[in-house]
């Protein structure tokens, strides 16, 4: 295991069973406390998602609780919650292709492992099916804005610039400016204080109820399975 922590598709994570709770997805675009756009532009795919605002009910309540703890007029913005399996697969394939072309010296297994730092696969390296956290409504990608509407300096997402090294996306990376290091640590502390877990390879990614959360919290089962259609009722 890396000193940073297990990756999203590590065997220890995949071994955790999922027992679907039946909790519905809710649309955060209707929530007055959390910022979100009407649709999300996935820059590296040049496509839009209109399902990004959906999360599980408990996740929505936890976002509200986290917002109440934000300092200095900080405002949470949900960039992406639910992600369809089609979009998830397309995103992983795009990141994989970029990494393969930019680092031809790496083996296919090395490229796959590197991609796990930025996006979860639909199909694992051994050919088995995976359940990415975003496809369950358990995960949220977050940015933060200050009281003047200016984005707090935390860094970028890989979807915004695939040329950035994966090391720069890690929550506690020492390769980024000190301001980003401080802001990331503070955001992580606040989000974890309400029950989220952070994926340490992605400063923006927090989850509750998925297998990575269950592993991190030493809980024997995950709560949310993949949602192939939004359950709005």
Checklist entry - Which members of the range 117-147 meet the condition of being more than 14 Å from residue 93 (Cα to Cα), free of Cβ contacts under 8 Å to residues at least 40 places away in the same chain and part of a loop (DSSP other than H, G, I, E, B)? => result 126, 127
Checklist entry - Of all residues in the range 178-201 being closer than 18 Å to residue 158 by Cβ and out of contact with any strand residue (DSSP E or B) (no Cβ under 8 Å at 6 or more places or on another chain), which is surrounded by the fewest Cβ atoms within 10 Å (Cβ to Cβ)? => result 180
Item to check | Cross-chain or 6+ apart pairs with Cβ under 6 Å, the range 90-105 first and without any contact (Cβ under 8 Å) to a residue 12 or more places away in the chain, then part of a helix (DSSP H, G or I) and surrounded by 17 or more Cβ atoms within 10 Å (Cβ to Cβ) | outcome: 100/111
Checklist entry - Would a scan of the range 39-48 turn up a residue that is touching a helix residue (DSSP H, G or I) at 6+ places or on another chain (Cβ under 6 Å) and closer than 23 Å to residue 197 by Cβ? => result no
Item to check | Every pair of residues 6+ apart whose Cβ atoms lie under 6 Å, when the first sits in the range 27-38 and is in contact (Cβ under 8 Å) with a residue 24 or more places away in the chain while the second is surrounded by 17 or more Cβ atoms within 10 Å (Cβ to Cβ) and part of a loop (DSSP other than H, G, I, E, B) | outcome: 27/53; 28/34; 28/36; 28/53; 29/36; 29/53; 36/53
Checklist outcome for this item: The one condition residue 66 fails out of (1) under 28 Å from residue 152 (Cβ atoms); (2) at pLDDT 95 or above; (3) in contact with a helix residue (DSSP H, G or I) (Cβ under 8 Å, 6 or more places away or on another chain); (4) loosely packed, with under 15 Cβ neighbours inside 10 Å is (4)
Item to check | residue 159 farther than 28 Å from residue 51 by Cβ and either in contact (Cβ under 8 Å) with a residue 24 or more places away in the chain or outside any loop (DSSP other than H, G, I, E, B) (or both) | outcome: no
Item to check | Which listed residue is under 19 Å from residue 141 (Cα atoms), in contact with a strand residue (DSSP E or B) (Cβ under 7 Å, 6 or more places away or on another chain) and either surrounded by 15 or more Cβ atoms within 10 Å (Cβ to Cβ) or at pLDDT below 95 (or both), from 60, 43, 9 | outcome: 60
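The values are calculated or read from the model by the stated rules, or taken from the named source; none is laboratory data. The structure presented is a predicted model; accordingly, all values stated were derived computationally and were not measured. All Cβ positions, even for glycine, are placed from backbone atoms using ideal geometry, and neighbour counts span all protein chains on display.
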